[in-house]
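The values are calculated or read from the model by the stated rules, or taken from the named source; none is laboratory data. Computed from a predicted model, the values in this text were never measured in an experiment. Ideal geometry is used to build each Cβ from the backbone, glycine not excepted, and the neighbour counts take in all protein chains shown.
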Amino acid sequence: MKEFYVIAIVVMIFVVIFQIAKASEYVSVLKGEEKSRKQNNRINGFLLILFLIFGLYGAWYCNELYYSKTLFPQGSASVEGEKIDLMLYITIGVTGLVFVITQVLLFWFAFKYQEKDNRKAFYFPHNTKLELLWTTVPAIFLTVLVVFGLKNWFVMTGDAPKDAVVVEITGHQFAWDMRYPGKDGKLGKKSYKLYNQPLGNTLAVDFEDPESWDDLHTTEMHLPVNRPVKLVINAMDVIHDVGLSHFRMKMDAVPGIPTTMWFTPQYTTEQMKKRTNNPNFVYEISCDQMCGKGHFSMRGVIVVESEADYNKWLATQKPEYFTLYPNKDPEKQVPVTDTTAVGTAPIAQLMPKNP
Amino acid sequence: MSTATLHETAHHEEHGGEHHEHHDTFITKYVFSQDHKTIAKQFLVTGIIWAIIGGFFSVIFRLQLGNPTATYPWLEDLLGHWAKGGKLQPEFYYALVTMHGTILVFFVLTAGLSGTFANFLIPLQIGARDMASPMLNMLSYWFFFLASIVMMSSLFVQTGPASGGWTIYPPLSALGDASSGSKIGMDLWLVSMALFVVSSLLGGLNYITTILNLRTKGMSMTRMPLTIWSLFFTAVLGVLSFPVLLSGAILLLFDRNLGTSFFLSDIVVAGKILPNEGGSAILFQHLFWFLGHPEVYIILLPAMGMSSEILSVNSRKPIFGYMAMVGSLFAITILAFLVWAHHMFVTGLNPFLGSVFVLLTLLIAVPSAIKVFNWLTTLWKGNIRFTPGMLFAIGFVSLFISGGLTGIFLGNSALDIHLHDTYFVIAHFHIVMGVASFFGMFAGVYHWYPKMFGRYLNNTLAYIHFWVTIVGAYLIFWPMHYEGLAGMPRRYYDFSNWESFKNFGGLNEFISIIALIVFAVQILFVINFFYSIWKGRKVTTLNPWEANTLEWTTPIRPGHGNWPGDIPEVHRWPYDYAKDGKDFIPQDVPVGADESKH
């Protein structure tokens with residue numbers, strides 16, 4: 001019944017507005033069309049200038065309300081992101097100025113030059129000097145922005161520093177998985193054909209590659225503060241995107257085409273809790289590329305901590321090789337000297353045959 | 001059909017009043033009509049129906065965004081298992097988002113906008129009896145109609161319509177296992193789009209041919225109204241870029257149904273290892289955006305052209321810098337083909353390639369700036385009449401400025417890294433290409449309605465429509481920039497589990513309420529539109545806006561063939577307003593001996 005009333009009320013409102021509109025049309029015919037046209041003109045001219053004033057006030061008010069909720073008051077959580085923030089402020093400055101000038105001119109001209117009986121429009125078809133002026137001035141401003149932007153772009157997309165911590169992140173519907181290279185500092189090989197869910201090899205790691213034996217598989221990302229980190233980004237099924245808005249970073253995860261990005265976290269999670277006055281603060285990884293029905297829930301967590309805490313955490317993680325093949329775990333078994341010979345035989349049985 | 005027979009038909013009509021020749025049955029006059037004016041109205045009415053559907057979808061998914069915890073029992077009555085327990089299911093939410101985008105970008109703002117106004121205005125404003133090929137023109141509409149039917153039918157299949165976003169990136173769109181919308185719904189989407197491309201090509205080729213070949217005597221290219229220039233460049237863009245979408249769609253159909261691997265490689269989906277190797281998901285994005293970016297200008301240019309014309313007519317002043325306006329349209333057309341990869345800055349694109357696209361993208365801001373300043377100068381020292389069309393044209397300029405400026409943020413790749421795929425992007429493109437183009441379209445409808453139907457739209461309703469829409473559009477999209485600056489991602493069904501994004505709940509609710517109001521006012525417009533066709537105030541003068549262009553030299557209700565007698569000869573450009581102390585001098589008035597040159 002409630003729906004019925006709502007619909008009835010909406011229909012009533014429509015009918016009322018419509019009747020008023022019809023009536024005003026008859027009134028204007030009675031009054032004389034020319035006269036009512038001029039009256040409409042005055043009303044709309046006034047509304048346009050009102051719209052300008054309230055619009056500019058609204059833009060300011062909106063900023064008051066929401067600027068504090070954006071990520072900029074808390075600053076960039078990565079060193080590289082600070083350049084992005086600076087670029088953003090400069091761009092806001094330039095475009096903001098153009099915005100105010102052009103909108104004011106637009107509505108002011110419309111109001112000022114509204115139809116008057118004694119006014120004659122000014123025949124002004126072109127003026128080369130003016131046109132050159134507003135071709136070159138925007139061109140100069142844009143050149144500056146482009147140069148500034150590209151400088152940052154090449155730094156951010158350039159090679160990561162050699163001492164960067166390497167973490168592999170893999171997206172699949174609808175979660176993130178991390179892989180750390182372990183003590184050898186190298187990630188073992190992968191091939192999507194080695195994917196084996198019953199075994200638990202969901203990252204399709206090639207465990208015949210000895211470099212994979214000390215690799216860690218985690219679902220949370222831990223990073224040391226003030227050290228560059230390089231992410232190697234993969235996807236299993238569809239395109240995902242590693243979105244790290246606090247670090248001002250983002251990169252697609254494309255199946256079959258690994259991508260990378262690097263940045264330097266400069267605040268630990270604990271420091272950010274204080275900076276944002278939010279005890280629940282957490283660095284989140286959002287999926288920023290439409291990936292299916294669970295897209296909105298594809299959330300990952302990053303913990304940035306001191307180097308010492310980070311190493312402590314690493315030490316508690318068990319290599320995936322040993323979780324999947326407990327009989328290879330040196331802690332549970334007598335250590336075997338010839339690792340390669342023992343490693344291969346049982347795993348080969350578990351692996352899908354090469355096509 | 002030769003000019004002579006058309007002339008005959010028109011002549012008969014003039015003498016016979018409302019009577020028509022015996023072979024003009026209802027079917028040939030209103031259904032399979034070859035009259036460009038009827039075809040234009042068919043495009044417009046179909047576009048309006050699509051706009052209501054597409055707009056309604058956005059209202060439904062805004063309900064979810066505005067209040068993620070609420071349930072609406074009537075929604076379950078309407079949508080069945082897609083809204084189990086009165087709550088929109090994520091899959092269907094994504095289907096609605098996808099269809100909203102597809103419908104509004106292609107079916108409303110491409111077919112509904114250029115289809116309507118290119119068909120209606122080109123012959124009337126260049127002085128032609130009809131399109132170069134009325135037959136192909138009719139087919140263009142009917143292919144659009146077929147595309148509409150197929151797209152509509154995809155809404156009713158059991159697994160739901162396409163739900164991978166209007167950009168249909170594979171592998172998501174290629175694999176039924178990845179998303180239920182990527183089952184039969186996606187095939188229907190692709191088939192519909194293939195039909196749509198055929199429609200667009202038939203239309204576009206016709207528009208180009210007509211403009212180049214059928215201009216009346218004296219109508220040199222530089223005497224064409226800016227509407228015609230913009231529709232010309234729009235058609236060029238469509239003809240050169242839509243085939244690339246067609247090829248992408250066909251390759252995707254192959255990947256889906258024939259086991260090819262154009263876009264697929266190294267995929268494990270739903271626990272299954274797929275045999276596809278060697279394809280590239282990124283290749284599809286290149287193909288898609290090679291159309292996708294020109295598409296933005298296909299949507300925007302007609303709105304620019306119509307606004308230019310309407311601003312000039314109602315300022316009673318020539319458009320400022322006619323040649324610069326044409327030049328900037330041309331520059332935008334060329335550049336539109338060279339910027340597509342700015343949608344792909346975070347795909348792992350080669351950084352050097354990225355930098356080239358940054359440069360070319362920001363270059364577009366220069367012709368855009370020229371246009372804005374020229375519009376402002378057109379208003380300056382005018383004698384402005386605020387007809388509803390004029391208000392929408394002014395609104396268009398305001399929105400084009402607001403949305404265009406944020407393009408400078410997104411086009412700069414380093415900044416785009418942070419803003420990509422956030423609400424900032426939603427705000428940007430909805431303002432600059434969505435709402436602005438709608439304003440151009442509304443301006444066109446209000447301005448040319450008297451020529452289309454011989455009646456006026458109700459003015460009061462028009463003014464209500466304008467004011468609520470412009471205020472509402474800014475209230476909806478302006479705050480979204482802030483959500484984007486907070487990193488809030490697009491296409492999220494629910495933000496409440498995110499520490500970083502959950503504090504915009506109140507704003508989302510506010511936006512949803514405004515969206516509902518704005519949608520209601522569009523319904524008011526639609527009522528006004530259809531009511532006025534039959535009951536609107538009748539047009540009693542040939543030239544109600546006192547405009548210079550040729551369409552106002554035709555009878556109030558022109559028959560097929562447009563001019564009962566000879567086609568008028570053109571003697572001047574279309575912007576002789578306020579010249580030599582005369583309010584306006586139509587294009588068919590010969591140049592006087594003592595007249596000053598412009």
Kindly list the number of the only condition in (1) at pLDDT below 95; (2) more than 7 Å from chain B (Cβ to nearest Cβ); (3) surrounded by fewer than 23 Cβ atoms within 10 Å (Cβ to Cβ); (4) on the phi < 0 side of the Ramachandran plot that fails for A:E320. (3)
Long-range neighbours under 8 Å by Cβ, at least six apart or interchain, first residue without any contact (Cβ under 8 Å) to a residue 12 or more places away in the chain and within 12 Å of chain A (Cβ to nearest Cβ) within the range B:86-104, second surrounded by fewer than 21 Cβ atoms within 10 Å (Cβ to Cβ) and in a helix (DSSP H, G or I): B:Q89/B:H81; B:Q89/B:W82
Cβ-Cβ below 8 Å, separation at least six or inter-chain, first residue in the range A:132-159 and facing chain B (nearest Cβ under 7 Å), second of a type in the set (S, T, Y): which pairs? A:L145/A:T91; A:G149/B:S413; A:L150/B:S355; A:L150/B:S413; A:W153/B:S355; A:W153/B:S413; A:F154/B:S355
Out of all the residues in the range B:266-273, is one or more surrounded by 19 or more Cβ atoms within 10 Å (Cβ to Cβ), charged (D, E, K, R) and out of contact with any Ser or Thr (no Cβ under 8 Å at 6 or more places or on another chain)? yes
Checking B:T541 against (1) over 26 Å from the mean Cα position of the chain (by Cα); (2) part of a helix (DSSP H, G or I); (3) of a type in the set (S, T, Y); (4) farther than 30 Å from A:S245 by Cβ, only one condition comes out false. Which one? (2)
Give the range A:106-119 a look and list any residue that's buried (at least 20 other Cβ atoms within 10 Å of the Cβ) and at the interface with chain B (Cβ under 7 Å from one of its Cβ atoms), or say none. A:L106, A:F109, A:A110, A:Y113, A:Q114
Any chance B:I523 is out of contact with any Phe, Trp or Tyr (no Cβ under 7 Å at 6 or more places or on another chain) and over 26 Å from A:K38 (Cα atoms): yes
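Conditions tested, residue by residue: (1) of a type in the set (V, I, T); (2) within 13 Å of another protein chain (Cβ to nearest Cβ).
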site: A:P265; (1), (2): no, no
site: A:N280; (1), (2): no, yes
site: A:S297; (1), (2): no, yes
site: A:E305; (1), (2): no, no
site: A:K312; (1), (2): no, no
site: A:T316; (1), (2): yes, no
Among A:T135, A:T143, A:T170, the single one that is assigned to a strand (DSSP E or B) and outside the structural domain of A:L86 (by TED's automatic domain parsing) is A:T170
Do we have A:V304 as in contact with a Leu (Cβ under 7 Å, 6 or more places away or on another chain) and modelled with pLDDT of 95 or more here? yes
When B:G85 is run through (1) buried (at least 19 other Cβ atoms within 10 Å of the Cβ); (2) at positive phi, the failure sits at (1)
Looking at B:F145, is it surrounded by fewer than 19 Cβ atoms within 10 Å (Cβ to Cβ), aromatic (F, W, Y) and in a helix (DSSP H, G or I)? yes
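What residue, among those in the range B:247-265 that are part of a loop (DSSP other than H, G, I, E, B) and away from every other protein chain (no Cβ under 14 Å), is surrounded by the most Cβ atoms within 10 Å (Cβ to Cβ)? Write out each step before concluding.
First, pick out the residues of the range B:247-265 that are part of a loop (DSSP other than H, G, I, E, B): B:258-265.
Subsequent filtering for residues that are away from every other protein chain (no Cβ under 14 Å) retains B:258-260.
Details: B:L258: 7, B:G259: 10, B:T260: 15.
The qualifying residue surrounded by the most Cβ atoms within 10 Å (Cβ to Cβ) is B:T260.
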The range A:254-263 - residue that is at the interface with chain B (Cβ under 9 Å from one of its Cβ atoms) and not polar (S, T, N, Q) and, of those, surrounded by the fewest Cβ atoms within 10 Å (Cβ to Cβ): A:P258
Identify, please: which residue in the range A:39-65 is closer than 20 Å to B:L485 by Cβ and of a type in the set (A, V, I, L, M) and is, among those, farthest from the other protein chains (Cβ to nearest Cβ)? A:L56
